[in-house]
Amino acid sequence: MPELYSPAPKRAAAALCLSPVYYFALSFVLRGIGLSAFAANMIFFSVGISVSLALFFPFLRESFSLLRAEPRRVFHALMLGGILHYGGLALAASVMLRFGIAPQTENNAIVLEMTRRAPAAMLLFSVVAAPITEECLFRGAVFAQLRKKSRFAAYAVTALGFALVHAAPGMAAGHMEDAFGSLVYILPSVALCFAYEYSGTIWTSIFLHGAINAASYILVFLI
């Protein structure tokens, strides 16, 4: 596998310090001041992409140049990552249903509502903003830094953290059971880590994440 291009350690550390404030404290504050789920998430996504670009713009710029170096490897990473993602999603949902756990969170309901109420804005947030924000944090700051010490720990911690933050909106609204429903995100997170690791550039996992969200966005209008 190619060398994994990762963010500067100080920028990664800053992102890790800010992430609990962003994913949990901000979620509780936005709900606490009486904003609707729609308004709260618009603010949430806007803050996320703004902070991510401020912290990770040099990393994103340098990583983009790696796309031209090995386009075939990037393509393979996207294809394999997509197969792992949808296979992992189906497997996780099947296992969770067998144990009586609903493979969904309030986050899913909020995204569905936002997509129907403001399709253009949601297309921008779900296909561009969310992938950049989440991939820079989870794959760039968490996975890449932990991988220097333990590949297993990098995959495990990143997958669990990625799953947990998708429960944050529901937990902020008092739905603590979302912590279990969010487990469906674990194997898809592994797929995104693999895409980044296999290609060496964070843009591969960003593109894969964006394509997955775009497919979900389109599906909303087909069902």
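The values are calculated or read from the model by the stated rules, or taken from the named source; none is laboratory data. Keep in mind the model is a prediction, meaning the values are calculated, not measured. Every residue, glycine among them, receives a Cβ derived from its backbone with ideal geometry; neighbour counts consider all protein chains shown.
Every test in (1) modelled with pLDDT under 90; (2) crowded, with 19+ Cβ neighbours inside 10 Å; (3) out of contact with any Pro (no Cβ under 9 Å at 6 or more places or on another chain); (4) closer than 14 Å to TRP203 by Cα is passed by GLY81 save one, and that test is (1).
Test SER50 against the stated conditions and say whether it is closer than 19 Å to GLY210 by Cα and in a helix (DSSP H, G or I).
yes
Can ILE110 be described as in contact with a Pro (Cβ under 7 Å, 6 or more places away or on another chain) and surrounded by 13 or more Cβ atoms within 10 Å (Cβ to Cβ)? Yes.
Would you say ALA92 is buried (at least 16 other Cβ atoms within 10 Å of the Cβ) and either more than 27 Å from ALA14 (Cβ to Cβ) or modelled with pLDDT under 95 (or both)? So ALA92 fits the description; yes.
Within segment 32-72, the residues that satisfy the criterion of being in contact (Cβ under 8 Å) with a residue 60 or more places away in the chain, surrounded by fewer than 19 Cβ atoms within 10 Å (Cβ to Cβ) and of a type in the set (Phe, Trp, Tyr) are PHE38, PHE64. Scan segment 175-219 for residues that are modelled with pLDDT of 90 or more, farther than 16 Å from TYR86 by Cβ and of a type outside the set (D, E, K, R) and jot them down. Across segment 175-219, the qualifying residues are TYR196, TYR198, SER199, GLY200, THR201, ILE202, TRP203, THR204, ILE206.
The set of residues in segment 187-223 that are of a type in the set (Val, Ile, Thr), in a helix (DSSP H, G or I) and either touching a Phe, Trp or Tyr at 6+ places or on another chain (Cβ under 7 Å) or surrounded by 20 or more Cβ atoms within 10 Å (Cβ to Cβ) (or both) comprises VAL190, ILE202, THR204, ILE206, ILE212.
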